[in-house]
1. Between Asp179, Asp142, which is among the acidic types (Asp, Glu) and modelled with pLDDT of 95 or more?
2. Spot the failing condition for Gly157; the list is (1) closer than 24 Å to Glu92 by Cβ; (2) in contact (Cβ under 8 Å) with a residue 24 or more places away in the chain; (3) in a helix (DSSP H, G or I), and only one is missed.
3. So the check is Cβ under 6 Å with 6+ separation or different chains; which pairs have a first residue in segment 29-52 that's farther than 14 Å from Leu64 by Cα and a second one that's modelled with pLDDT under 95 and among the hydrophobic types (A, V, I, L, M, F, W, C)?
4. Scan Leu72, Leu80, Leu59 and give me the residue that is more than 30 Å from Glu168 (Cβ to Cβ), part of a helix (DSSP H, G or I), open to solvent by 50 Å² or more (accessible area, probe 1.4 Å) and in contact (Cβ under 8 Å) with a residue 12 or more places away in the chain.
5. I'd like the full set of residues that are among the hydrophobic types (A, V, I, L, M, F, W, C) and open to solvent by less than 20 Å² (accessible area, probe 1.4 Å), limited to segment 127-162.
6. Does Arg124 satisfy being assigned to a helix (DSSP H, G or I), open to solvent by 20 Å² or more (accessible area, probe 1.4 Å) and either aliphatic (A, V, I, L, M) or farther than 23 Å from His74 by Cβ (or both)?
7. I'd like the residue in segment 83-110 that is among the aromatic types (Phe, Trp, Tyr) and part of a helix (DSSP H, G or I) and, out of all such residues, is most open to solvent (accessible area, probe 1.4 Å).
8. Answer yes or no as to whether Ser141 is assigned to a helix (DSSP H, G or I) and free of Cβ contacts under 8 Å to residues at least 40 places away in the same chain.
Amino acid sequence: NIKESFFAETREYYNFTKEFGYKLIKNYPQANRRAEVLYALALNSRDYGRDNITERYLLETISLVQDPHASLRHHAETALADFYYNEKRFPEAVTYYERVIKKTEDEWLTKHYFNLSWCYLKSREFDKAIKAIRESYTLSSDETYVNIKDQVLDNIGSFYVYAGRPLEGLEFYLKNEKDPIPYLMPMAQKT
């Protein structure tokens, strides 16, 4: 397989790193940096592996980091929320995104609200979905956060349509956008 040959070196690095991490965990079971090793193993598995250990190691990382304000715990909870989101396990993703959005100093808060809104939508919790996507829109105007306003504008109309409230979607665009036409046409087609 030609495609696989391009990734052979990457897979070798992945396996080397994984073995190294396992060795650290085995040889130093009480080490105070165990959570960092598990977190690294989880992300490497997510990005480069095929071994399905991501979830297990993120959960273990979270259990080891007791301080709910610790940066590592926040990153692990974010990674787990994203993992569940990508796996379409929306109720589990909601649980972690609801924790993640409490850390308001995260510059990616806009994305977390956006993903949370989709989880709510997929779970047919329309009011929560609209509230979350609107929060993503509002926060995108704050320079503290990554601006994903375009993504929100491309999608929020659909949220109102699925909720059976297209007139509220129309009102949102008319109130918030100078040129709402590019957003209203796709929304009208969905309606």
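The values are calculated or read from the model by the stated rules, or taken from the named source; none is laboratory data. What you are looking at is a predicted structure, and each value in this text was computed from that prediction instead of being measured. FYI the Cβ positions are ideal-geometry reconstructions off the backbone, even for glycines, and counts take in every protein chain you see. What goes into the accessible areas is simple: the full protein's heavy atoms, side chains included, and nothing from ligands, DNA or RNA. Shrake-Rupley method; radii C 1.70, N 1.55, O 1.52, S 1.80 Å.
1. Numbers: Asp179 fails: modelled with pLDDT of 95 or more.
It is Asp142.
2. All conditions are met except number (1).
3. Within 6 Å, the pairs are Ser45/Ile53.
4. Leu59
5. Ala129, Ile130, Ala132, Ile133, Ile148, Val152, Leu153, Ile156, Phe159 - these are the residues of segment 127-162 that are among the hydrophobic types (A, V, I, L, M, F, W, C) and open to solvent by less than 20 Å² (accessible area, probe 1.4 Å).
6. So Arg124 does not fit the description; no.
7. The first filter runs over segment 83-110 and keeps only residues among the aromatic types (Phe, Trp, Tyr), leaving 83-85, 90, 96-97, 108.
Those still in the list that are part of a helix (DSSP H, G or I) too: 83-85, 90, 96-97.
Numbers: Phe83: 39, Tyr84: 10, Tyr85: 56, Phe90: 32, Tyr96: 29, Tyr97: 0 Å².
Among residues in segment 83-110 that are among the aromatic types (Phe, Trp, Tyr) and part of a helix (DSSP H, G or I), the one most open to solvent (accessible area, probe 1.4 Å) is Tyr85.
8. So Ser141 fails the test.
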